[in-house]
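Notes for the one structure printed next.
The values are calculated or read from the model by the stated rules, or taken from the named source; none is laboratory data. What you see is a predicted model; the values in this text were computed from it and never measured. Here the Cβ is made from the backbone with ideal geometry for all residues, glycine too, and neighbour counts use every protein chain on show. Accessible surface is based on the protein model in full, side chains and every heavy atom, while ligands, DNA and RNA are left aside. Shrake-Rupley method; radii C 1.70, N 1.55, O 1.52, S 1.80 Å.
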2 protein chains.
Amino acid sequence: MDKIRIGIAGYGNLGRGVEMAIAQNPDMELVALFTRRDPKTVKPASGIPVYSTNDAKTKKDEIDVLILCGGSATDLPVQGPEFASLFNTIDSFDTHAKIPEYFAAVDKAAKAAGKTSIISVGWDPGLFSLSRAYADCVLPDGNTYTFWGKGVSQGHSDAIRRVKGVKNAIQYTVPVPSAIEEVRKGTNPALTTREKHTRECYVVAEEGADKAQIEHDIKTMPNYFSDYDTTVHFITEEELRRDHSAMPHGGFVIRSGRTGANGETPQIIEYALNLGSNPQFTSSVLVAYARAAYRMNKNGDCGAKSVLDVAPALLSAKSGETLRKELL
Amino acid sequence: MDKIRIGIAGYGNLGRGVEMAIAQNPDMELVALFTRRDPKTVKPASGIPVYSTNDAKTKKDEIDVLILCGGSATDLPVQGPEFASLFNTIDSFDTHAKIPEYFAAVDKAAKAAGKTSIISVGWDPGLFSLSRAYADCVLPDGNTYTFWGKGVSQGHSDAIRRVKGVKNAIQYTVPVPSAIEEVRKGTNPALTTREKHTRECYVVAEEGADKAQIEHDIKTMPNYFSDYDTTVHFITEEELRRDHSAMPHGGFVIRSGRTGANGETPQIIEYALNLGSNPQFTSSVLVAYARAAYRMNKNGDCGAKSVLDVAPALLSAKSGETLRKELL
């Protein structure tokens, strides 16, 4: 059987994760890496050829699915529609408020080109979205709670790094265990932002910086920290590197619903992730959806899609018969 | 908008659950109940008309989806293919070893009639199958563990009731907490049957029966109990009715996988259900899939399907746009 030919656009943590994930999926092969850097300076671990992003269109017939590994802030809003006019694509667009607009732009480009693009793939949006959707359909009378962490928030880490006197920093979002327990009991609590998550900051201060001032500036920062119980720990650059280089993450989606003639019966659905590496896991999800995009395009199902539009069997290398036998 | 017209075949716990679930889904209406009993003796809570199962075919144009609420042992193997030749159907066929054969029979009947039948819907098979499949695709290098309970096993309860001297009984399957914890840690333990679940039996003995003998007969029963650590409690008929009439159930599907260049990164996906009522929850899943069967049939997607073949968005009463906005 011919392998599905995969391209990667962008070689950061996510691109490297896709490269490793492809090696776990024998029905796929990696054929090209596109970068905006000088291709000669990029040395992928797998030794696949590296091209300039500008030359991507010359490879359009050699790639079945292009996995976009750029960021949601500036890369994907441009690359998403652009590449959707050349390739079947997968991306992890996660700027929630802009999904409708992004979906429309990608949909237009993909439909015009007869391509299939699955957007916002990963775990949130992605697997968490699936959990929320299935649970919402099965238990229409109920509330869904999403908790994130413990894990690094890149946006919050960046915000701390912009504080005067901060040399480096990392921020963990931590769900409040008692809140999760309360939700699991089916009491449907109304939880404030502060009651759901706490924020833990590990900060390397510049020499001679006013640590009390740094701590105050972080804790009172609007939007990012002022609505949370925030803890600030000062550590050395070496401790930061040694103890905080892994990128663990995870979280919980819990649906607390009720069934019965008078809604008298509590029903709880919980989905939880405990991830050793956020980018490696996200990449693994992207790769599974690349298989689906390839198949949907073969079936003539073009345009932009989200994970909610993809039948689970399309993600698997196994046949329908094997899936029914082994996993149903 | 026209409502989706639902029929129910069989009015036991599952049929009553479907009746209650339809009331939570305003885009559907219940139009007929079919029973093998004398229709005059069946009084559904919602007051919908009751017909003999034998007259079902006269109603084929008045029902969009028929939800089959019979059992897997004797009802569905006959009813499944029979009704699939008249209606779009949903069922909860759960005799695992016979799914391929059942799928083939239903597929043949449904395709010939231009109908769509989603088989083996519920939570296991059903939502647990989805969790197993998604997790298997996302983490191809790993192991999946399914734990059931705490919940009543009807088959095991029936087995106890056949023991000499037993008047009535109920059996709970209970997952072993330490085994779940071990799996969550990512150690990928090899667990024996005994290490995964224990069995708790609540038995009402006949007057003057030999309780020691009953306990021995239960604990040594092959297939059902001899491979498990089993506890037997003798209680009164009144205690059985008072403390054991609810039908709670649930369980856990845990995928323990590894990513990274050398599989060095642990990744854990967990799906858990904590159900106040097993039949009410199962019915709620059946009803959501009825919506999907209706739509798939409108789209010309005929034949037998499992939950693995159904895109999540098809289950929801919400539009694609609303789903992307609210749940993605």
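Worth pointing out:
- Scanning region B:188-228 for residues that are touching a residue at least 60 places away in the same chain (Cβ under 8 Å) and either open to solvent by 40 Å² or more (accessible area, probe 1.4 Å) or among the polar types (S, T, N, Q) (or both) returns B:ASN188, B:TYR224.
- Residue within region B:31-45 that is touching a Ser or Thr at 6+ places or on another chain (Cβ under 6 Å), modelled with pLDDT of 95 or more and within 14 Å of chain A (Cβ to nearest Cβ) present: no
- Number of the condition not met by A:ASP75 [criteria: (1) out of contact with any Phe, Trp or Tyr (no Cβ under 8 Å at 6 or more places or on another chain); (2) away from chain B (no Cβ under 14 Å); (3) more than 21 Å from A:SER283 (Cα to Cα); (4) of a type outside the set (S, T, N, Q)]: (3)
- Which numbered condition A:HIS197 fails, given (1) in contact with a helix residue (DSSP H, G or I) (Cβ under 7 Å, 6 or more places away or on another chain); (2) on the phi < 0 side of the Ramachandran plot: (1)
- Of the criteria (1) under 14 Å from the mean Cα position of the chain (by Cα); (2) more than 8 Å from every other protein chain (Cβ to nearest Cβ); (3) part of a helix (DSSP H, G or I); (4) of a type outside the set (Lys, Arg), which one A:GLY251 fails: (3)
- Of all residues in region A:8-18, none satisfies being touching a strand residue (DSSP E or B) at 6+ places or on another chain (Cβ under 8 Å), among the aliphatic types (A, V, I, L, M) and open to solvent by 20 Å² or more (accessible area, probe 1.4 Å).
- Neighbours by Cβ (under 8 Å, 6+ apart or cross-chain): first from region B:27-39, under 13 Å from B:LEU66 (Cβ atoms) and touching a residue at least 60 places away in the same chain (Cβ under 8 Å); second open to solvent by less than 40 Å² (accessible area, probe 1.4 Å) and part of a strand (DSSP E or B): B:MET28/B:ILE4; B:MET28/B:ILE6
- Screening region A:254-263 for residues that are free of Cβ contacts under 8 Å to residues at least 40 places away in the same chain and open to solvent by 20 Å² or more (accessible area, probe 1.4 Å) and picking the one that is farthest from the other protein chains (Cβ to nearest Cβ) gives A:ASN262.
- If the condition is being crowded, with 24+ Cβ neighbours inside 10 Å and of a type in the set (A, V, I, L, M, F, W, C), then region A:297-309 contributes A:ALA304, A:VAL307, A:LEU308.
- Considering residues of region A:264-320 that are in a loop (DSSP other than H, G, I, E, B), within 8 Å of chain B (Cβ to nearest Cβ) and over 30 Å from B:ASP301 (Cα atoms) only, the residue nearest to the chain's Cα centre (by Cα): A:SER277
- Selection of first residues in region A:131-160 that are within 23 Å of B:ILE269 (Cα to Cα) and within 13 Å of chain B (Cβ to nearest Cβ) and of second residues that are of a type in the set (Lys, Arg) and assigned to a helix (DSSP H, G or I), restricted to Cβ pairs under 6 Å at least 6 apart or on distinct chains, gives the following pairs, ordered by first then second residue: A:THR144/A:ARG132.
- Condition met for A:PHE83 (buried (at least 24 other Cβ atoms within 10 Å of the Cβ), more than 10 Å from every other protein chain (Cβ to nearest Cβ) and not in a loop (DSSP other than H, G, I, E, B)): yes
- Qualifying positions in region B:128-151 - open to solvent by 20 Å² or more (accessible area, probe 1.4 Å), assigned to a strand (DSSP E or B) and not hydroxyl-bearing (Ser, Thr, Tyr): B:GLY142, B:ASN143, B:TRP148
- The residue list B:ASP94, B:ASP158 contains one member that is at pLDDT below 95, under 12 Å from the mean Cα position of the chain (by Cα), under 30 Å from B:LYS219 (Cα atoms) and not polar (S, T, N, Q), which is B:ASP94.
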